Each structure stands twice: as C-alpha cells, then as structure tokens.
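> Please read through the structure below; I'll follow up with questions.
The values are calculated or read from the model by the stated rules, or taken from the named source; none is laboratory data. Quantities reported herein were computed from a predicted structural model and do not represent experimental measurements. Every residue, glycine as well, gets a Cβ built from its backbone with ideal geometry; the counts of neighbours run over all protein chains shown.
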Amino acid sequence: MAPALYTSPPMSLPLQTGVKPFYRADLLFYGVDQTGPSYRAAVFFDNPNANQDTPEDAEHGFAGRFAVFGKGGCYGDEGHCIPRGPQHRFDRRPPHPALPTMKVVRVTDRVRALIAQGQSDVVVTVVPTLADTAGIAVEGDLERPLQFEQLGLVTYDR
Amino acid sequence: MTDTATVTDVPQHPAGTVRHRLSVAKLNEQQLDGYRTAITQAGQFTPGDNRGYQWFAGQHGIPGNFCQHHTQSEHGRRFFLPWHRAYLYFFELALQDLVPDVTQPWWDWTYDDQNPIWIPEAYAVDGLPDGTPNPLFRQTIDVRPRRAGQPQATVRADGGPDPRAQPTQDDLETLLNESDFFTFSLQLEDIHDGIHVAVGGTMANIAWAAYDPLFFAHHTMIDRLWSMWQDRHGAAGPTDDMLGEALPPWHMTVQQTLDVDTLGYTYSATSVRVPGNV
C-alpha cells in the first residue's frame, strides 16, 4: 500500500501589490518525525489528487522535494528513543537524536507564478515514497512515514 | 646522465605537506588498491578496537549514536558539517596508520543528463579480478548483541542515477553562492539526505549507514563542498558561540575543523607523484 499523503488547507499567498517583492519563498515543515523509515517527499501545489505516480513537473503543480534520512526504528533498550530535554540549565548534553527535524523546500518561482496568475492561496500536497530498503527490516509507521507538526510558507525581503 | 624513475616507484608523501583527497572516479589502480587495502585491514579489527572499521562505523549510528545533525534544534543542526569533518579526519588517520599515504576519496554524485552516473564502479562491483570480495561493496555489521531483524551486512537498492536526488552542476553553483552559512548547511544537508535515501538499503538508515564504505565517500563529497564554499566565502561560517564546542566522540572543537589545511588535507581530483633525483 502506498504511504499516506498530506494535503494542507488553503495557505495564504503573500501580498505583492504595492509592496517590495520578496526574493525568496520557503515551505517550512516543522517537527518532522525521523524515527521511522527513510523516504523521499514530493511537494505539489494545487494538486490534491497528486500521488506517487504523478509526474514531477510544473504542469502537475510540482514545487519541490525533500528527503528524510530516518532512523528506521529504535535499537536501544526500552526508553532509549524517548526524547529527553535538558534537565536544567547546566545540562550541556546535545539534543536527543530522536527529536523531530525540520525541512525546508525553496518554492520561490512557484509562489511567484501562482501570484502572477492572480491566486491568493495555495493548497499543498505532499507525497512520500519510501526508500528501497533492499530487504532489510525497518521499524516505524510504514503507512504514515510522513508525520510533521506544522507547515509554514515564509517569504523574505532583501 | 639521466635519472629515470619508474611509475611503480611512488614515493612516500612529502612530510609536512597536505595530502590530496581525490575523486573516486579518477583514482588510478594503485591508489584504489591502497584504499581497498586500508579498508580491508581496518575491517580485521574486532568491533571494540578503536582502530578498526567496525568501531568507526558504529560511532555514527548504532551503537555510538553520536551523530547529532538530524535534530531540529538550532544547536544540533548547526553541527552537521563540523561533526562530519571531524569524523572523516579521524577515520582517515586510522586508515593512514594502516596504509600511510591513503586519503579518503570523494564520490561526485552531481547529475549530468549527458553522462548520468550513480554509484562509482569502485564501490559497485561485488568481487575483484583476483577473486577476492570488494571491501568497498559490502561490509559486515557486527553489533552485539544482535536483535531480530538486524542486518548482518550492508546492502544497497538496485537503483540507478536519480535526478530527483542528485543535484545538477547549476544546483551546486547556486548552493555555493549562498552567503549564509546556516542556509548553506541546511540545503547541503537536504541534498545529503536525498542521496542517502536514493542509495537505499542500509545507507538509508541512520543506524547502519556508516557501515557502508560508500557513506565515507558520500560524506567526503559533502565535506568537499563545504571546503569549496569556504574558499568562496572566507571567514563566514559557524558563529563564535559554536567555536569552542567539542564534537564528541572526536577530540576536536568546531574551531579546529574550520581550516582543512591545518588538518593536513585539501581537495583535488587527481594527483600523482614520482621520485625526484635526490
């Protein structure tokens, strides 16, 4: 079974009229789980029907991609992969490796194109494709490898 | 009188000069043999011996768990490049203890649609002409105690060139022109992740990735790009508050990773040496 997709609610596109134009636009995926399988994720704009077979081209709304290099499960004893934070301000241990990560996809040209078409918002669909494990066992949610806390669309001015 | 040196007389690397890390695709037979010999000999140590391949491979994922670059926090993410530079430095030194003049080669996975390449032949062939296994193709994963389902050797997917994962030369040019270190680092890390996923198998799993010799060639390419970025952007780089930070388990701070010359290496594509006449 193909892994589950994600489709966002409409996200507002930035105003461009009467203001300084942005030079860069990023999609920010916050809190991306990386404890499970590795996968590649294709990002589509305004194509909620996109799936693993959809061509990655502008005609089909392709906007970019990212990859998650996952841990593929927990290999310690019970509790090993439960993230712990600093115990106190003197705790200089590095962050727990099982904490979620963040992914950034640069979508400057695609956002500009949508605005030029007069659109005021965009729906983002993310299509994960699992890495070929070549037969090795991988733990984690293979049906929902793509799990993240928030999606942001950010632009930058010079 | 003419002093004639033969090509087999490769002299020891001149003391006090930096060594050259070379392109995997352009290693000559002698260089490739030397590197394979070093990997083979490193593989003969028991897993707990910190001179051996298993020990080094185990520091990244299982059992060491030292690689910190995948965490979301600003602290963890910023160490992606320095931590792996330190890792490669100590790994390369361990190989040079076995075969003095070897350097860690880099795998250029840049995508060229006129000449699509993927895993270099040096790493892709199972066996060598003399009938021995290719140590760059597969390595044992000797982590004890074993868990059910734990891989016992490295394996890769049967994929080929993948332009969805491989950046083009233009992509890299854009990346190298990025002036902000953290933006550069983040983007390079994402390219890095994509290559891991595209190779698949144990390379696509943080726990086991570093057991595959291809891991080190991949990360040497990453380090090479950082070195090229440093050449363009001078002193720009990790912020002052990072410089004194240690990079466990490596006996090195962020500051000490910043200048590859002081670490005794540089990047070129090919390099040959012959004896002089003294």
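> Could you tell me whether any residue of segment B:229-251 is under 22 Å from B:F90 (Cβ atoms), outside any helix (DSSP H, G or I) and of a type in the set (S, T, Y)?
no
> Still on this structure, please answer the following. Quick one: would you say B:A5 is among the aliphatic types (A, V, I, L, M) and at pLDDT 95 or above?
Considered against the rule, which asks whether it is among the aliphatic types (A, V, I, L, M) and at pLDDT 95 or above, B:A5 comes out as no.
> Could you check segment B:177-211 and list, in sequence order, the residues that are within 22 Å of B:P163 (Cα to Cα) and of a type in the set (D, E)?
Once the filter is applied, which keeps residues that are within 22 Å of B:P163 (Cα to Cα) and of a type in the set (D, E), segment B:177-211 yields B:E178, B:E189, B:D190, B:D193.
> Test A:F29 against the criterion of being within 13 Å of chain B (Cβ to nearest Cβ), in contact with a Lys or Arg (Cβ under 9 Å, 6 or more places away or on another chain), surrounded by 12 or more Cβ atoms within 10 Å (Cβ to Cβ) and more than 28 Å from B:Q59 (Cβ to Cβ), and give yes or no.
Considered against the rule, which asks whether it is within 13 Å of chain B (Cβ to nearest Cβ), in contact with a Lys or Arg (Cβ under 9 Å, 6 or more places away or on another chain), surrounded by 12 or more Cβ atoms within 10 Å (Cβ to Cβ) and more than 28 Å from B:Q59 (Cβ to Cβ), A:F29 comes out as yes.
> Next question. Would you tally the residues in segment B:114-138 being buried (at least 17 other Cβ atoms within 10 Å of the Cβ), out of contact with any strand residue (DSSP E or B) (no Cβ under 7 Å at 6 or more places or on another chain) and more than 14 Å from every other protein chain (Cβ to nearest Cβ)?
5
> Is there a residue in segment A:87-101 that is more than 8 Å from every other protein chain (Cβ to nearest Cβ) and buried (at least 18 other Cβ atoms within 10 Å of the Cβ)?
For segment A:87-101, residues more than 8 Å from every other protein chain (Cβ to nearest Cβ) and buried (at least 18 other Cβ atoms within 10 Å of the Cβ): present.
> Is it the case, given these coordinates, that A:F45 is aromatic (F, W, Y), modelled with pLDDT of 95 or more and crowded, with 20+ Cβ neighbours inside 10 Å?
yes
> State all residues of segment A:106-138 that are buried (at least 17 other Cβ atoms within 10 Å of the Cβ), at the interface with another protein chain (Cβ under 9 Å from one of its Cβ atoms), of a type outside the set (V, I, T) and not in a strand (DSSP E or B); if no residue qualifies, say none.
Listed by number, the residues that qualify are A:A131, A:D132, A:A134.
> Considering only segment B:265-278, how many residues are part of a loop (DSSP other than H, G, I, E, B) and under 16 Å from B:H84 (Cα atoms)?
Summing the residues that are part of a loop (DSSP other than H, G, I, E, B) and under 16 Å from B:H84 (Cα atoms) in segment B:265-278 gives 0.
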